[in-house]
Amino acid sequence: MTRVSSVRPFAGIAAVLVFAGAAVTLPAVSASAAPLAGPVTKDLTFTCEMPLIGAQPVAAKVTATFPEAVTAGSPIDVTGFSVAVSLDGDSVTALNLIGAATIEGTASANVDVDYNGTELGVTLNGLGFPVTAVPQDGPLALSITGPIPGLTVKKPGSVAFAVGGAFTGKVTPRHADGTPTDLGTFDLPCGIAPGQDASLATVTVN
């Protein structure tokens, strides 16, 4: 199986990737009438490097809806995308120790895309979660959402989607008066725990 090692973002403008003799287009806006296969839900565990307390397990529930099949040249539109994240009690205790009343942030996530045996690493940018109150004890539930531009392939085959191995957040904890804590905005690098089935869906291209 061929591996395309470069990571390319889902961009805000159209981008064209050519490989394996076929063109793949990631449009900024797309409209597909393809029948939907229904929502896919995947429960996964990541390990995230938290400030102050180090590596912590983080539970994530990924939800998205994929079409069953599309015609070559028509976009594969992914809808209803969200990631429900649960921070454990130790993470919440650390946030309370620095005086955080709320947290908010942005995120980027890797997605593995396999088109007819050629693997393409893609990064989803523009994800985020809104201001969320920090409880006195855990867990703390966060809902990460964001736009997912469509993907169009020009030749028949299949496109398989899976959750990628890396996820990065930029998190801002704030005091009750809205001012940042001493941590400011910090990076939260996460990696998927090994031994999990991260596959999401395979879409047939006719």
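The values are calculated or read from the model by the stated rules, or taken from the named source; none is laboratory data. Owing to the predicted nature of the structure, the values given are computational and were not obtained by experimental measurement. Because the Cβ atoms are built from the backbone with ideal geometry, glycine has one as well, and the counts that use them run over all protein chains shown. Side chains are part of the model used for accessible areas, which takes the heavy atoms of the whole protein and leaves out ligands, DNA and RNA. Shrake-Rupley method; radii C 1.70, N 1.55, O 1.52, S 1.80 Å.
Each part gets one Cα centre, and for the range 49-95 versus the range 156-190 those centres are 10 Å apart. In terms of packing, defined here as the mean over residues of other Cβ atoms within 10 angstrom, the peptides 68-77, 174-183 line up highest first as 68-77, 174-183. In this structure the range 94-154 gives 39 Å² per residue of accessible area when probed at 1.4 Å with all protein chains present.
Summary value for the range 100-206: 33 percent relative contact order, contacts being C-alpha pairs under 8 angstrom separated by 6+ residues. Kirkwood radius and radius of gyration were both taken over the C-alpha atoms of the range 56-103, and their ratio Rg/Rh is 1.30. Summing Lys, Arg as +1 and Asp, Glu as -1, what charge do residues with Cβ under 11 Å from the Cβ of Cys48 carry, Cys48 excluded? Neighbourhood net charge equals -3.
When the Cα atoms of the range 98-206 are aligned to their principal axes, the ranges along those axes come out at 56, 29, 18 Å in descending order. Computed from phi, the 3J(HN,Hα) profile of the range 62-67 under the Karplus parametrisation 6.51, -1.76, 1.60 (θ = phi - 60°) reads 8, 10, 7, 10, 10, x Hz, with x in place of Gly and Pro. Kirkwood-type hydrodynamic radius, the range 119-181: 15.6 Å, calculated from all non-identical alpha-carbon pairs.
Taking amide H as placed 1.01 Å from N in the peptide plane, Met50 has its amide H under 5 Å from the amide H of Ala55, Gln56, each at least 5 places away in sequence or on another chain.
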